[in-house]
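Written out below as structure tokens is the structure these notes cover.
FYI, it's all coordinate maths here, none of it is from the lab. In this text the structure is predicted, and so the values were computed from the model without any measurement. Positions of Cβ are generated from backbone atoms using ideal geometry, with glycine treated the same way; all protein chains shown enter the neighbour counts.
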Amino acid sequence: MSTPTISIIVPVYNASPYLRQCLDSILAQTFRDFEAILVNDGSTDDSLDICRSYAQRDSRFLILDKENSGVSDSRNKAIECARGKYLQFIDSDDWFTPDASASLLHAAESTGSDLVVGHFFRVVGERAAQRGHIKEDRILTRTDYAEEMLKAPANYYYGVLWNKLYRRSIIEGNHLAFDPQIKWSEDFLFNLEYLEHVRLIATVSHPIYYYRKRENSLVNSQANLRKLAAMKRSTFREYKELYQKLDLYEEKKADVYRYLLSAAADGAIGPLAQKLPEL
């Protein structure tokens with residue numbers, strides 16, 4: 001069996017209303033040399049049946065079926081069995097643009113970058129708005145990227161997995177993994193760890209992903225609010241530590257602390273919204 005260039009990781013939990021759109025967007029990729037690892041996290045709807053139908057249709061789709069243990073554990077298990085040179089992530093209620101893998105891969109291979117970051121569409125209902133932060137195609141050092149992140153520290157652009165491409169060798173070589181105990185900002189914590197081991201970062205200035213905005217179910221009780229506050233404090237400690245390691249903290253201390261005042265770039269859909277294209 002040949003080794004794929006990209007392993008696309010899809011955690012799946014009770015996603016049947018959206019899952020076919022997600023998996024169809026993987027099938028529609030203009031770059032074809034991939035494997036798609038679908039991790040069924042103990043779904044109680046027909047998500048597993050949908051996954052199986054795609055695996056029967058296309059041998060590049062692989063299924064891991066396990067008891068419910070959360071999205072972080074799902075991603076960890078997928079990483080353990082991934083064979084690709086690069087890793088790409090997608091959530092089961094979202095979808096890729098057709099050129100997502102091709103665009104990210106071209107940026108990585110043409111620049112030698114260890115991380116590639118692209119813009120995305122934020123979707124609310126039938127409307128979509130382009131989101132991102134670094135506006136041009138660029139090649140940045142780790143320090144350059146960290147300084148850009150200071151301008152919008154809680155922006156989804158920096159925090160999430162799904163608008164990025166990662167080198168599997170860096171993740172495996174440094175034993176990077178998602179903490180199953182963290183229920184908020186686990187993506188951002190992973191990205192902060194990953195950044196410690198990269199040399200160059202490339203940016204892609206056009207959208208490569210559709211992120212479907214749904215209600216956050218984490219903050220639904222006082223107990224969860226307390227847990228959320230504790231997790232935010234823990235995330236800030238990791239964020240601050242990155243700048244200390246880069247010898248930027250003393251110079252940029254005031255900017256680093258802006259993280260505590262920043263909310264994720266998750267406001268109203270805004271005036272740039274456009275109607276979703278026909279799929």
- Task: Treating each Cα of region 68-115 as an identical point scatterer and ignoring solvent, apply the Debye formula and state log10 I(q)/I(0) at q = 0.23, 0.25 Å⁻¹.
- Result: -1.00, -1.06
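Packing-wise, with mean Cβ within 10 Å as the measure, how do 187-193, 245-251 rank, highest first?
Details: 187-193: 20.6, 245-251: 13.0.
So the peptides 187-193, 245-251, ranked by packing, come out 187-193, 245-251.
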- Query: Are there GluC sites (Glu not before Pro) in region 95-161 that DSSP marks as loop and that have at most 11 other Cβ atoms within 10 Å, and which are they?
  - Reply: 126, 136
- Task: Please find the FRET efficiency linking residue 32 to residue 56, where r is the Cβ-Cβ separation and R0 is fixed at 22 Å, and quote it to the nearest 0.05.
- Result: 0.75
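Can you order the peptides 205-212, 4-11, 43-50 by their average number of other Cβ atoms within 10 Å per residue, highest first? Show your work: numbers first, answer last.
On the way: 205-212: 20.4, 4-11: 23.8, 43-50: 16.1.
For the peptides 205-212, 4-11, 43-50, the packing ranking is 4-11, 205-212, 43-50.
Given Cβ point charges of +1 (Lys, Arg) and -1 (Asp, Glu) and nothing else, what value in debye, to the nearest 20, does the dipole of the chain about its Cα centre take? Could the numbers behind the result be given before it?
Details: 36 positive and 39 negative charges, 99 e Å.
Computed charge dipole of the chain: roughly 480 debye.
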- Item | Between 0 and 90°, nearest 10: helix 16-27 axis offset from the chain longest Cα axis | 90
- Dipole of region 6-275 [Lys/Arg +1, Asp/Glu -1 at C-beta], most positive-end residue of 177, 195, 145: 145
- Note on the structure: quick shape note, the chain: Cα extents on principal axes in Å, largest first -> 56, 48, 41
- By average C-beta atoms within 10 angstrom, highest first, the peptides 137-144, 91-98: 91-98, 137-144
- Item | Too-long pairs where the Cα-Cα distance tops 21 Å, listed order kept, from 85/213; 135/164; 77/232; 85/245 | 85/213; 77/232; 85/245
